[in-house]
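The values are calculated or read from the model by the stated rules, or taken from the named source; none is laboratory data. The structure displayed is predicted, hence computed values, not measured ones. Every residue, glycine as well, gets a Cβ built from its backbone with ideal geometry; the counts of neighbours run over all protein chains shown. What goes into the accessible areas is simple: the full protein's heavy atoms, side chains included, and nothing from ligands, DNA or RNA. Shrake-Rupley method; radii C 1.70, N 1.55, O 1.52, S 1.80 Å.
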Amino acid sequence: MSDVAEARKLLANLPQNDPLKALDEITCWLASVKDTPGFRPERRMGVIMLLDETGQPFYAELLRQYLAPSPLHDSPGMHMWQGAHGFMRALAEAYAVCTNEYQMAEKRSLSHKEQMPVICARLLRAVAEQMKLELMRYLDVAQGVWDQLYAHYNIAEANQFADIMVRVYPSQAINTSPKNELLRAIILFISSPATQAPEQIEASYHISARMVNHFCFKQAPDPDCPYLIDLSKPAAPVQVGDNIQPTQAMRFIGAARALPKMEGMAHQDEREVIEQNHHSGYEFTPKLAVLNHLRIYWGRERPRRQQERKGISVSIEVAHGFKAISLLATRFEPEQKDGLSEKDTSKPKERSKISLIDEEIDYVRESWDILNMSIGGIGGIVPKTTGAWVKIGALCGLKAKNSKFWWVGMIQRLHTDPHGKVYAGIKILSKKPMLVRLRILGKDAERIPHWENSTGAFTYDYQSAILLPDAQSSYENATMLLESGGYAVGRIYEALLGEKSRHFELTGLLAEGKDYEQFSFKWLAA
């Protein structure tokens, strides 16, 4: 590693099919080059840049593997996370040596000066990647991250290259600047990553790269800048107060001006969803859901918790997954008339057929300790031994130990404390969910000419659906949970509620998880 040519020979022997091992080797080389005395600043900088560029494809592949479905407590996933985080930490520390040597140099070559905007942008991006990885595990962002972000951005401002646009890596077409890299990190933090799945956090970070030129970064208060940082006091951004006294070190930040530019992205994604009749994007989470999330949190008014949470100490039973909850939810009975008309609550003639589709589902009832509760949510501790399924957006059933009835909830927020204990915030979707059956024309009917006029020479499929009543406990204006796949907005389906079945049309996708989709719908006239 004494110079770039020799370093390139060594790096040619990295294991190409093992990104974790390759990245670990590069991380060790970064530490060695950073700590070894006697390097000329330009030579050290050249070797570190080569190590960085060599490691980026391995880092991208390792991150891709980490973002594949893996539980919070998964050991292989933790090793991948540690490898990726260690590489970015070592990279930031190595580039910090380069910037310190530049600051201390009595004479600076022209090439050294020209490289410093690139070095600083890469350094800030490496620190932002550390932040992103910590947010993906719902950890509090380490103080060292804020220290590095602010200290090295201050260097960029002091040397008047904070706004210089550069191509940070040869393979990346989008130019950036040290200021833009700082802004991406700050905006990611204020985008409520605790309420996003890891792949959504990654998508948010990529979307912010496209929108960063529309973010505000001002030295004076502005209505478009609801957040501020103090470059002399490294810390997380805070909301601007009414009686703020600006100082020279303060910067006021906002992303509201990016929202109109995002409309085109959202409309394009909506068209793709309609055309494909399924959802695109990372795993089960479409880009559209991420865009909708960012439009909420990038606005001038940040959403705030409306309901007071009260501390409690109880244990509840928790089950997860759409199929398990469909077995546990209260089933539609003729006497259940809340929000439904009389004709919909007469004796179901399809009951004998419905009973044929009940499934034997293996599921686990976990015991969770609940710490607080409000009208619309609860907060508790995720058991380390049984809560491996927990993820933002996951559907869960909830039942008090002394109750016969199950509620339906969704994991809305996660936080991991310094000891590795995971806390979950669960949004209560309904305290009175009702299981109903849908009758759907079978696939074979598509091959029968004029099936609608036939005499029954076609088959039906029967599927479970869970009705979630509105705030007035009415099922007339309910929303519906369906198992993922095969359902589309604008399509008409048949619900078996009574002697005369009732048709409805799906009108909008409200939320989704790995195995379910929540739709708005409207009942159709008989």
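Details
- Among the residues of the stretch 408-438, the ones that are surrounded by 17 or more Cβ atoms within 10 Å (Cβ to Cβ), without any contact (Cβ under 8 Å) to a residue 40 or more places away in the chain and farther than 16 Å from residue 390 by Cβ come to 1 in all.
- In the stretch 363-383, of all residues being in contact (Cβ under 8 Å) with a residue 60 or more places away in the chain and open to solvent by 20 Å² or more (accessible area, probe 1.4 Å), the one that is nearest to residue 428 (Cα to Cα) corresponds to 376.
- Residue in the stretch 441-449 that is part of a loop (DSSP other than H, G, I, E, B) and at pLDDT 65 or above present: no
- Candidates 205, 169, filtered to the one that is under 22 Å from residue 63 (Cα atoms), crowded, with 20+ Cβ neighbours inside 10 Å and of a type in the set (Phe, Trp, Tyr): 205
- With respect to the conditions (1) at pLDDT below 50; (2) open to solvent by less than 40 Å² (accessible area, probe 1.4 Å); (3) not hydrophobic (A, V, I, L, M, F, W, C), residue 352 falls short on a single one, namely (2).
- Looking only at the stretch 474-510, residues that are within 32 Å of the chain's Cα centre (by Cα), of a type in the set (Gly, Ala, Ser) and part of a strand (DSSP E or B) come to 1 in all.
- Restricting the stretch 15-34 to residues that are more than 28 Å from the chain's Cα centre (by Cα) and open to solvent by less than 10 Å² (accessible area, probe 1.4 Å), the residue that is farthest from residue 80 (Cα to Cα): 33
- Among the residues of this structure, residue 524 does not count as one that is open to solvent by less than 30 Å² (accessible area, probe 1.4 Å), in contact with a strand residue (DSSP E or B) (Cβ under 9 Å, 6 or more places away or on another chain) and modelled with pLDDT of 80 or more.
Quick grid of which residues meet (1) farther than 26 Å from residue 190 by Cα; (2) out of contact with any helix residue (DSSP H, G or I) (no Cβ under 8 Å at 6 or more places or on another chain):
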position	(1), (2)
91	no, no
96	no, no
116	yes, no
122	no, no
134	no, no
139	no, yes
142	no, no
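- Just one of the numbered conditions (1) assigned to a helix (DSSP H, G or I); (2) without any contact (Cβ under 8 Å) to a residue 60 or more places away in the chain is not true of residue 97: (2).
- Those residues of the stretch 510-521 which are in contact (Cβ under 8 Å) with a residue 60 or more places away in the chain and open to solvent by 40 Å² or more (accessible area, probe 1.4 Å), in sequence order: 514, 515
- Number of positions in the stretch 302-314 that are surrounded by 10 or more Cβ atoms within 10 Å (Cβ to Cβ), over 22 Å from residue 186 (Cα atoms) and at pLDDT 70 or above: 3
- Search result, residues across the stretch 466-488 that are more than 15 Å from residue 438 (Cα to Cα), of a type outside the set (D, E, K, R) and surrounded by fewer than 17 Cβ atoms within 10 Å (Cβ to Cβ): 471, 472, 473, 474, 477
- Residue match in the stretch 225-238 (condition: touching a Lys or Arg at 6+ places or on another chain (Cβ under 6 Å) and farther than 19 Å from residue 150 by Cβ): yes
- Residue 174 vs. criteria aliphatic (A, V, I, L, M), surrounded by fewer than 16 Cβ atoms within 10 Å (Cβ to Cβ), touching a residue at least 12 places away in the same chain (Cβ under 8 Å) and not in a helix (DSSP H, G or I): yes
- Within the stretch 384-393, the set of residues being in contact (Cβ under 8 Å) with a residue 12 or more places away in the chain and either out of contact with any strand residue (DSSP E or B) (no Cβ under 8 Å at 6 or more places or on another chain) or open to solvent by less than 20 Å² (accessible area, probe 1.4 Å) (or both) comprises 387, 388, 390, 392, 393.
- Single match in 131, 80 (criterion: assigned to a helix (DSSP H, G or I), open to solvent by 10 Å² or more (accessible area, probe 1.4 Å) and in contact (Cβ under 8 Å) with a residue 24 or more places away in the chain): 80
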